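Let me begin by presenting the structure, written as structure tokens, before commenting on it.
Just so it is clear, none of the values below were taken in a lab; they were calculated from the coordinates. Everything quoted here is computed from the prediction, not taken from an experiment. Please note: Cβ atoms are built from the backbone with ideal geometry, for glycine as well, and neighbour counts cover all protein chains shown.
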Amino acid sequence: MENEEQKTLLAVPTRIYKVGSILSFNKALQEWQKFAEIKEQETIDYKVVFVGNLLIFVGGWYDSTDAGSDEVYCYNLETKEWSDMPRLLDSREGLCMTQLDNVIYAIGGVSDRYEKLKSVERYNPSIDEWERVANMRTRRVGAAAVALNGKIYVIGGSSQNYLNSMECYDPQTNEWQQCANMTEIRQWCGAAVHKGYIYVLGGMNIKYLDTVERYDPVYDVWTKISSLSVARRSICSFSLDNQLWAIGGQNDGESNVVELYDEENDKWIEQKALPVGGVYDHLWVPTNLANQLTSI
């Protein structure tokens, strides 16, 4: 990422009861630290992205009714104010999200009518609207999504059963294409782009998974690599300083495990644990804005 030295890497919790901790990565100490507090939200299992000067919270489900949410709201890091944003066109629990060219894509999930979705919509900040794009080929709940080389890849999840399939969206043609299947079925897996490959980490099918596989978009092929030290789902994964990281997640409880992939020796190495375990979305935020965070 460009100008990483001017940005702070934050991990924002997405399942909060009462109060949660936003974490920041201290590069000098190579450890995660408590950074700010975030108060309980009306929805749970939302997705969080950073656009402009806004932390944007999308979808999820209402703990009070167990129904999917179409709410989108944001916190302005400059004004320190909350505000509502245009609602999703479909309520989405168990959605996946990614950003491509500053446009946010909300993908799949379960509606407030408990319908598994293959619909996809995108939010363009320049026009402040959600608009539909082509549906996926498969209904997916608890899938993972990444952007790579101008396209969006949606991986795994469940429909009638757990899935090992992946499909790719090209915004230039507004079409989805089927890609090679993963070697293993998995829902709620972590996913990251690293050195031109797509990695999927852990997740679950009938059990929590520790397996990891890598996708080569040039040859359309998956390859298994070394397994994680700890099996878990909903891992937050990202590429930092040319290294692949896996933090947090869930197994029998909230995980505080941090692992780093040693590519040369094909093994995962545990690092200093998170100060607070949980499920996180990672965000790069300009340091001057991040430093203003105390409690939101």
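Some points to look at:
- Square roots of five times the Cα gyration tensor eigenvalues for segment 208-288, Å: 22, 17, 13
- Calculated from backbone phi, Karplus (6.51, -1.76, 1.60) coupling profile of segment 68-73 in Hz, x at Gly/Pro: x, 10, 10, 6, 9, 9
- Anisotropy class of the chain from Cα gyration tensor, a/c 1.5 cut: rounded
- Gain on full stretching of the segment that runs from T223 to Q271 - 0.36 nm per residue minus C-alpha separation: 14.8 nm
- On full extension, the segment bounded by D63 and Q6 gains 16.8 nm, given 0.36 nm per residue less the C-alpha separation.
- Computed P(r) (all Cα pairs; segment 1-74; 10 Å bins; percent): 18, 44, 27, 10, 1
- Using a simple spin-label model with pseudo-atoms 7 Å out from Cα toward Cβ, N242 and R132 lie 4.6 nm apart.
- Selected from N291, A231, M136, residue furthest toward positive end of dipole (the chain; charges at beta carbon): A231
- 10 Å binning of all Cα-Cα separations within segment 46-132, expressed as whole percents from 0 upward: 19, 52, 26, 3
- Selection from C168, C189, W222 lying farthest towards where the dipole of segment 158-240 points positive, charges on Cβ: C189
- Segment 107-144 and segment 180-250 have Cα centres separated by 22 Å.
- Local electrostatic count, V279, Cβ distance below 10 Å [Lys/Arg +1, Asp/Glu -1]: 0
- Given K224/K267; K27/K272; K34/K272; K116/K207; K151/K195; K195/K224, the pairs whose alpha carbons are separated by over 18 Å: K116/K207
- A cut-off of 5 Å between modelled amide H atoms, ignoring neighbours fewer than 5 places along the same chain, links D63 with I44.
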